[in-house]
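Note sheet for the following structure.
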Amino acid sequence: MKLFSDSLPFYKANFHCHTTMSDGHLTPAECMRFYHERGYEVLSITDHRSVTIPCDPPEGLLMIPGLELDYADSLNCAHILGLNVRADIEEKWKRGTPPQETIDLIHSCGGTAILAHPAWSLNSPQFLMSLAHVDGVEIYNSVSTLPTNADRADSSNLLDIAWSSGLTLWPVLGNDDSHQYYPEGGVAATMIQAAEKTPESLLAALRNGAVYATQGPRFRQIEIIGEEVVVTCSPVHAVVFCSNLTYTAGRVVLGSNLTRASYRIKASERFLRIELHDETGKRAWSTPIALR
């Protein structure tokens, strides 16, 4: 089984950023230019509680409408992105709408629902498991660390606990959540493999798992051959195979300019995801794969 097609292209996307239409430091036009100059091909501006639809994007940059909706009570905080939603969601959503109702509303307005920065939000595994029909989750959110936040950018440990406890294996995204743009802008990306560069094709591919999150390293292919997983990638320092097991031999493959690594699946492993680490410390995270 191959996770990715051998023939379809990958598109570099950021699905989470803010402009002067809410609390961001750049205008929509400046935001689009910022990401276009850094090689992004797909962008969603997700201003808080409102859909920003900018005009005249740079050539080659596909804009997908979006917004960010939030919820907080004494126990839980949840920020949910609605991608490719209709603008009428602004009239239908009210402050205080519970997370599950927000997810359902995003779907009813034609959108894709992404849970943002669960580690930053201090979400518990139990809270994550209470949510149904989530289309993806930010495994990395680049603004959720220094200099403006405590270091909660990487949600992989939290998600591993939830996935080990039975949470559905949500596809993973890497987003910037840019507000100031410096230094967090352009630090993360979501790579999507799709047949067409359209909102419908890209988001369908995302929901189907043809996606990974990255700060730079690239996956070429992830293939399961019998009980072996084979990863091919851009040159990296380490390939790490993560699962529901606390320890297993062969989990970390180290080397110089590694472009291929393999791992033998253990009988008690229920899911597997792969991390790439390059020589500078930049990482990439695969979407988890169900094994049993």
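Cβ-Cβ distance below 6 Å, separation of 6 or more or different chains: which pairs start in segment 149-162 with a residue that is part of a loop (DSSP other than H, G, I, E, B) and end on one that is surrounded by fewer than 20 Cβ atoms within 10 Å (Cβ to Cβ)?
As it stands, the answer is Asp151/Thr145; Ala153/Thr145, since those pairs meet every condition given.
Within segment 168-214, track down each residue that is touching a strand residue (DSSP E or B) at 6+ places or on another chain (Cβ under 6 Å), farther than 19 Å from Leu62 by Cβ and surrounded by fewer than 21 Cβ atoms within 10 Å (Cβ to Cβ).
Leu169
Going residue by residue through segment 127-136, is there one that turns out to be in a strand (DSSP E or B), in contact with a helix residue (DSSP H, G or I) (Cβ under 7 Å, 6 or more places away or on another chain) and touching a residue at least 24 places away in the same chain (Cβ under 8 Å)?
Yes, segment 127-136 has at least one match.
Show me the strands (runs of 3 or more DSSP E) found entirely inside segment 201-292 where at least 2 residues are among the basic types (Lys, Arg).
Per the criteria, 252-264.
Scan segment 181-189 and give yes if some residue there is outside any helix (DSSP H, G or I) and within 29 Å of Thr246 (Cα to Cα), otherwise no.
Yes - at least one qualifying residue is present in segment 181-189.
Only one residue in Ile161, Ile114, Ile106 is of a type in the set (A, V, I, L, M) and surrounded by fewer than 23 Cβ atoms within 10 Å (Cβ to Cβ). Which one?
That would be Ile161, the only listed residue that is of a type in the set (A, V, I, L, M) and surrounded by fewer than 23 Cβ atoms within 10 Å (Cβ to Cβ).
Only one of Lys2, Lys12 is more than 24 Å from Gly111 (Cβ to Cβ) and either among the acidic types (Asp, Glu) or at pLDDT 95 or above (or both); which?
Numbers: Lys12 fails: more than 24 Å from Gly111 (Cβ to Cβ).
Just a single option satisfies the conditions, and that option is Lys2.
Does Ser201 meet the test of being modelled with pLDDT of 95 or more, over 19 Å from Met1 (Cα atoms) and not assigned by TED's automatic domain parsing to the domain that holds Ser142?
Considered against the rule, which asks whether it is modelled with pLDDT of 95 or more, over 19 Å from Met1 (Cα atoms) and not assigned by TED's automatic domain parsing to the domain that holds Ser142, Ser201 comes out as no.
Looking at Val230, is it aliphatic (A, V, I, L, M), surrounded by 14 or more Cβ atoms within 10 Å (Cβ to Cβ), modelled with pLDDT of 95 or more and more than 22 Å from the chain's Cα centre (by Cα)?
Against the criterion (aliphatic (A, V, I, L, M), surrounded by 14 or more Cβ atoms within 10 Å (Cβ to Cβ), modelled with pLDDT of 95 or more and more than 22 Å from the chain's Cα centre (by Cα)), Val230 qualifies.
Sort through Leu203, Leu258 and tell me the only one that's aliphatic (A, V, I, L, M) and within 19 Å of the chain's Cα centre (by Cα).
Result: Leu203 is the single residue among Leu203, Leu258 that is aliphatic (A, V, I, L, M) and within 19 Å of the chain's Cα centre (by Cα).
Going residue by residue through segment 37-55, is there one that turns out to be of a type outside the set (Phe, Trp, Tyr), closer than 30 Å to Glu228 by Cβ, in contact (Cβ under 8 Å) with a residue 12 or more places away in the chain and in a loop (DSSP other than H, G, I, E, B)?
Taking every residue of segment 37-55 in turn, none turns out to be of a type outside the set (Phe, Trp, Tyr), closer than 30 Å to Glu228 by Cβ, in contact (Cβ under 8 Å) with a residue 12 or more places away in the chain and in a loop (DSSP other than H, G, I, E, B).
Determine, yes or no, whether Asp177 is within 14 Å of Trp285 (Cβ to Cβ), of a type in the set (D, E, K, R) and either in contact with a Ser or Thr (Cβ under 9 Å, 6 or more places away or on another chain) or assigned by TED's automatic domain parsing to the domain that holds His48 (or both).
It is false that Asp177 is within 14 Å of Trp285 (Cβ to Cβ), of a type in the set (D, E, K, R) and either in contact with a Ser or Thr (Cβ under 9 Å, 6 or more places away or on another chain) or assigned by TED's automatic domain parsing to the domain that holds His48 (or both).
Residues checked against (1) among the acidic types (Asp, Glu); (2) more than 22 Å from Asp154 (Cβ to Cβ); (3) touching a residue at least 60 places away in the same chain (Cβ under 8 Å):
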site	(1), (2), (3)
Leu203	no, yes, yes
Val211	no, no, yes
Glu223	yes, yes, yes
Val230	no, yes, no
Cys233	no, no, no
Tyr247	no, no, no
Arg260	no, yes, no
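Do you know which residues across segment 80-94 are touching a helix residue (DSSP H, G or I) at 6+ places or on another chain (Cβ under 6 Å) and without any contact (Cβ under 8 Å) to a residue 12 or more places away in the chain?
If the condition is that a residue be touching a helix residue (DSSP H, G or I) at 6+ places or on another chain (Cβ under 6 Å) and without any contact (Cβ under 8 Å) to a residue 12 or more places away in the chain, then no residue fits.
Among the numbered conditions (1) touching a strand residue (DSSP E or B) at 6+ places or on another chain (Cβ under 6 Å); (2) buried (at least 24 other Cβ atoms within 10 Å of the Cβ), tell me where Val134 comes up short.
For Val134, the failing item is (2).
The values are calculated or read from the model by the stated rules, or taken from the named source; none is laboratory data. Owing to the predicted nature of the structure, the values given are computational and were not obtained by experimental measurement. A quick note on method: Cβ atoms are made from the backbone with ideal geometry, for glycine too, and the neighbour counts reach across all protein chains shown.
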